[in-house]
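A short write-up of the structure that comes next.
What follows draws every value from the coordinates through simple rules; no lab data is involved. This structure is a prediction, so every number in the text was calculated from the model and none was measured. We place every Cβ from the backbone using ideal geometry, glycine too, and count neighbours over all the protein chains shown.
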Amino acid sequence: MNGKSFFVDLSKCTACRGCQVACKQWKNKPAEKTENTGSHQNPPDLSWMTLKLVRFTEKTIDGKFNWLFFPDQCRHCVDAPCKMVADSEVEGAILQDEATGAVVFTDKTKDISIDNVRPACPYDIPRVNPETKVMYKCDMCIDRVQAGLLPACVQTCPTGTMNFGDRDEMMAMAEKRLAEVKKKYPQAILADPKDVRVIFLCLFPGDNYYKYVTAEAGAPRTMTRKAMLASLTRPFARILS
């Protein structure tokens, strides 16, 4: 597998939102008009303008109040369901970089319905510009990575929450840190580490943070017929290619 991966250590996250701001600045995305929703989470959700969002959740666990922070973004799935759907409709609409494993949306996504792509994502990530119909999400800052730089969110993180590098290195870092954290937080987990390139270390089971932290936490997702067929036919496509 190899390629690149993120390791996101939530035990160190202070919700400073530096990663969220850095992402928006690097991608030159406009600000969103928002209202006071009674939460520090702002804006309320991801959009084509906000590709990374720090989610805030107040949770009582084992009788103790916890304020949980989750910097949400595309997980860059090893076998990306969104790409399976796109490949069945428009070739080249969604690409997967061989060197890094990054899953990248192109302008060709305007020719695919978001109603087919978004339900296929187990983490509910894809968003669409309602005017241009082009879909957007985190692209691993592939332009920066190919130039030998860190993704913008990793570069700006002041606490060591966001880490990025060769996949084997990130996996080793994640497993070592998990063993350390489990001494104090025995419920700590790595979220779907074998299936994604953005590996979150959670102090508690994922659904305490947000519905779609893990693929199982958000289940059942409504998979479209196109997504199902694409997943079934993909092995045969590999054999024939």
Scanning the chain, every Cys lacking a C-beta partner under 4.7 angstrom -> CYS13, CYS16, CYS23, CYS77, CYS82, CYS121, CYS141, CYS157, CYS202
Listed by chain and number, the lysines with an alpha carbon less than 16 angstrom from that of LYS194, same-chain partners under 8 positions apart left out, are LYS4, LYS176
If amide H atoms are modeled at 1.01 Å from N in the peptide plane, then the residues at a separation of 5 or more from VAL54, or on another chain, having amide H under 5 Å from its own are ASP72
The relative contact order of the range 1-99, taking Cα pairs under 8 Å that sit 6 or more residues apart, comes to a percentage of 23
Partner lysines whose C-alpha sits under 23 Å from that of LYS133, ignoring same-chain residues fewer than 8 away, are LYS24, LYS27, LYS29, LYS33, LYS52, LYS83, LYS108, LYS110, LYS226
The relative contact order of the chain, taking Cα pairs under 8 Å that sit 6 or more residues apart, comes to a percentage of 28
Taking 95-108, 118-131, 32-45, 76-89 and ranking on average Cβ neighbours within 10 Å, highest first, one gets 76-89, 118-131, 95-108, 32-45
The alpha-carbon pair-distance distribution computed for the range 1-116, with 10 angstrom bins and whole-percent values, is 11, 33, 34, 18, 4, 0
Against the 2.2 N^0.38 Å rule of thumb, the C-alpha Rg of the range 41-106 sits at a ratio of 1.53
On the formula 1/(1 + (r/R0)^6), with r taken between the Cβ atoms of LYS184 and LYS33 and R0 of 45 Å, the FRET efficiency rounded to 0.05 is 0.65
Taking every other residue with Cβ under 11 Å from the Cβ of GLY160 and scoring Lys and Arg +1, Asp and Glu -1, one gets +1
proj_area_mean for the range 1-54 (convex hull on C-alpha atoms), units nm², value 5.3
Treating only Lys and Arg (+1) and Asp and Glu (-1) as charged, each at its beta carbon, one finds that the chain has a dipole about its Cα centre, in Debye to the nearest 20, of 340
For the chain (alpha-carbon point model, no solvent) the Debye-based log₁₀ I(q)/I(0) at q = 0.07, 0.12, 0.13 Å⁻¹ works out to -0.22, -0.68, -0.81
Note to self: C-alpha centroids of the range 89-131 and the range 54-85 sit apart, in Å, by 20
